[in-house]
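The values are calculated or read from the model by the stated rules, or taken from the named source; none is laboratory data. Computed from a prediction, not measured in an experiment: that's the story for all the values here. Here the Cβ positions follow ideal geometry from the backbone for every residue, glycine too, while neighbour counts run over all protein chains shown. Surface accessibility is based on the protein's heavy atoms, side chains included, excluding ligands, DNA and RNA. Shrake-Rupley method; radii C 1.70, N 1.55, O 1.52, S 1.80 Å.
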Amino acid sequence: MISARDLARLGQLYLDGGKQDGGQLLSRSWIERSWTACRVKPDYGYLWWLNDRQIPWPGAPPTGRSARGNGGRHLLWVDPARRLMRCSRWTEHPATLIRDLSALVPRAS
């Protein structure tokens, strides 16, 4: 099982364009492909849920991406437009958490 700290590190790595401590650990093209819709399931990329059409997370920003586990109670939310990353474990209402947190953080300029 992944710890909350490691899950947050993964989210931060994606948010930082694959860079960590001055080195490129993931290519930007991998991240872009990960966050590109699958032809078969347009709300899903490479292990990431895409909120472009606001289907996985209604009311949350369409710029967000998420990874979920444990029946949806473990959540990793990354929103590059807001420079926002949120890791949550054992959340009963992740949609409310994402919506409310995103409302507090304006889009980056």
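Values as computed for the structure displayed
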read-out: Filtered residues of the stretch 29-39 (kept if over 15 Å from the mean Cα position of the chain (by Cα) and either at pLDDT 95 or above or in a strand (DSSP E or B) (or both)); value: 29
read-out: Residue pairs meeting the criteria (Cβ under 9 Å; at least 6 apart or on separate chains; first farther than 15 Å from residue 32 by Cα, in the stretch 42-56; second among the charged types (D, E, K, R) and in a strand (DSSP E or B)); value: 56/68
read-out: Of the criteria (1) hydroxyl-bearing (Ser, Thr, Tyr); (2) without any contact (Cβ under 8 Å) to a residue 24 or more places away in the chain; (3) touching a helix residue (DSSP H, G or I) at 6+ places or on another chain (Cβ under 9 Å); (4) assigned to a helix (DSSP H, G or I), which one residue 14 fails; value: (2)
read-out: Residue match in the stretch 97-104 (condition: touching a residue at least 24 places away in the same chain (Cβ under 8 Å), loosely packed, with under 14 Cβ neighbours inside 10 Å, out of contact with any Ser or Thr (no Cβ under 7 Å at 6 or more places or on another chain) and of a type outside the set (Lys, Arg)); value: no
read-out: Breaking point among (1) open to solvent by less than 90 Å² (accessible area, probe 1.4 Å); (2) in a helix (DSSP H, G or I), for residue 5; value: (1)
read-out: Subset of the stretch 45-80 that is assigned to a loop (DSSP other than H, G, I, E, B) and open to solvent by less than 20 Å² (accessible area, probe 1.4 Å) - its residue that is farthest from residue 108 (Cα to Cα); value: 45
read-out: Total residues in the stretch 26-44, condition open to solvent by 50 Å² or more (accessible area, probe 1.4 Å) and out of contact with any strand residue (DSSP E or B) (no Cβ under 7 Å at 6 or more places or on another chain); value: 11
